[in-house]
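Structure in structure tokens, see below.
Each reported figure results from applying straightforward, stated rules to the coordinates on display, with no laboratory input. Everything numeric here is computed off the predicted structure, so don't read it as measured data. Note: ideal-geometry Cβ built from the backbone for every residue, glycine included; neighbour counts use all protein chains shown.
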Amino acid sequence: VKKLLILVVLLVVSACGIKPTGVVPAGPAPTLRSPGVSGRGADVILYFVIDGRVAPVSRSTGTVGVENALSLLLAGPTPDEVDDGYGTDLPRQSGPIVLSPGSPPAITVPFPLKPISGAGINQLVCTAFAALAAQGGYSTDGTISLSGTDVRLPYQACQAF
Amino acid sequence: VIRQVRSWLAGLRPRLVAAFAVIMILGATAAAGASYVSARNAILKGIQDQTMLKLRDQIVAYLPTVSLPPSQATLDAFASALKPSGALVVYHDLYSSSGMSPDQVPADLRQAVATSTYTQFQRVDAHGFPQFYVGIPVQTSSGTTTGLEVYAGASLDQQQAAIDELARQAWLVSALALPFAVGVALLAARRGWEIGSENAAVVADLPAGITAALDRRRLDIVVANLVGNALRHGAPPVEVVLRAEGGDIVLTVTDHGPGIADEVLPRVFDRFAKADTARARSEGSGLGLSIARENARLHGGDIVAANTGTGARFELRLPRAAGIGEAR
């Protein structure tokens, strides 16, 4: 009877609190698709807004330059992407987009930046970074500078999500 | 005192009470414990899944902007993009300078992440404070490791507090079951004792010290038939009184019903005698009193029936020291 009692007490005590675990696998890792690894041209990645956060959308058009990627971004999501819930915080505006190489690289867009939300700025910056990464020309300090018709925003980093 | 307690514990009632209480408390504890465990697991799974999914979503969103091999600045930018999680980004010997240091990550977890293409997590106990660590490796499109790894840690202090509260409530529920269990047990124990109190159907007056040598089973049959008959045809209270009269013991069973009809009285012990002809198919077999008298006679005794004016009285008379004859 005494042993049984001890067993019951041990069982009850051991069921309490938060117990450490071993290492537990939990789903596959995310995949990096970039020329640096796979050696072939990646799809163009555009960042749109879904559920209030900025998320990447892949389009199978082959690798394009930073300017072309940003032009595609400004054209907005396709009807299929809209059906999936993607939207944009950027004005649908066409015009010359200029990439000036440098450290950091500078991107000039043909519209004012002040009215654009943080998510919209992130769309521009992240899409530019993705295009840079696909080209293999990564900004060395992780920032780019962004210029509109009104202000210049230096040291922009991609804050997806 | 101990002996007193022991002898008290040896009684039927305390054992019944104790058994009842133990069973109820075990049941309550098991139920409370089961719901505690499932609630605890739900809490832990909630925070763990949330941490892992959020970090993974962030990595997936950020990855297109990353090219390999990354510079120190790239790792720092990556880590700061993941800042809400306080994440650590590692690429071989390089690691992001803000947030966690690689030494904080459990070695087992780093080993597992470095050699697999699966998200891994581990819960550890850091000096009494539960911590949750998740490690997410980045794989190539061909399914090999890239060397890029992201780690995040979360304290489970809040969860611990919530779980402790759950445990406290679970114990409380079990403890609350104790007085309830004892109450029910006492009630159950009392029910068994209530025969003999004034409201009962049968009132027994059975003084100790009146003895006779007889076959207990036969006496059982006789008494059961007489009392059963009194309860069925008479009305309560049914009085069972035992007295010693000379060399005999006399057991009278008196009811407070209508009594026995005059025309039935002479043949009340006959087989298939029914007091009420209108209830010819009543529950009685008509054999009970006959069997009772046969048993009494086997002991050298007899049963006689009479009316008291307020009911019927059956008087069983048995010799105290009679040989039991063929019953043995």
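For a footprinting-style exposure proxy, rank B:142, B:116 by other Cβ within 10 Å, fewest first.
The fewest-first ordering by Cβ neighbours comes to B:142, B:116.
Can you pull the one-decimal nm distance between simple spin-label points at residue A:83 and residue A:149, each 7 Å off the Cα toward Cβ?
Using points 7 Å along Cα→Cβ, the separation is 3.5 nm.
Between residue B:53 and residue B:241, what is 0.36 nm times their sequence separation minus the Cα-Cα distance? Round to one decimal in nm.
Gain on stretching residue B:53 to residue B:241: 59.4 nm.
Now for a separate question. State the Cα centre-to-centre distance between segment B:210-253 and segment B:92-106 in whole Å.
93
What's the longest uninterrupted piece of chain B once you rule out the GluC sites (Glu not before Pro) that are loop residues per DSSP with at most 11 other Cβ within 10 Å?
B:1-193
Also: Fewest to most neighbouring Cβ within 10 Å: what's the order for B:66, B:60?
B:60, B:66
Taking 35 Å as R0, compute the FRET efficiency from the Cβ-Cβ separation of residue A:50 and residue B:97 and round it to 0.05.
Working: r = 31 Å, r/R0 = 0.90.
Between residue A:50 and residue B:97 the formula returns 0.65.
Kyte-Doolittle mean at least -0.5 and Cα extent at least 27 Å along the axis: which DSSP H helices of chain B qualify?
B:12-62, B:157-191
Right, something else. Can you work out the FRET efficiency for the pair residue A:8 and residue B:107, with r the C-beta to C-beta distance and R0 = 35 Å, to the nearest 0.05?
0.45
Another question about this same structure. What value does chain B have for Rg/Rh, both radii from Cα atoms and Rh as Kirkwood defines it?
1.49
State the Kirkwood hydrodynamic radius of segment A:53-161 in Å, one decimal place, computed from all pairs of distinct Cα atoms.
Its Kirkwood hydrodynamic radius stands at 14.0 Å.
Another question about this same structure. Please work out how much length the chain gains when fully extended from residue B:172 to residue B:115, using 0.36 nm per residue of separation minus the C-alpha to C-alpha distance, in nm with one decimal.
Numbers: separation 57, 0.36 × 57 = 20.52 nm, distance 4.67 nm.
Gain on stretching residue B:172 to residue B:115: 15.9 nm.
A further question on this structure: Under 25 °C and 0.890 mPa s, how fast does segment A:42-110 diffuse according to Stokes-Einstein, given a Kirkwood radius computed over C-alpha pairs? Answer in µm²/s, whole number.
191
Work the Kirkwood hydrodynamic radius out for segment B:68-110: mean of 1/r over every pair of different alpha-carbon atoms, inverted, in Å.
In segment B:68-110 this quantity evaluates to 10.5 Å.
Continuing with the same structure: Can you give the helix-only mean residue ellipticity at 222 nm for chain B, where every DSSP H stretch with n ≥ 4 adds -39500 (n - 2.57) and the sum goes over all residues, rounded to the nearest 500 deg cm²/dmol?
-15000 deg cm²/dmol
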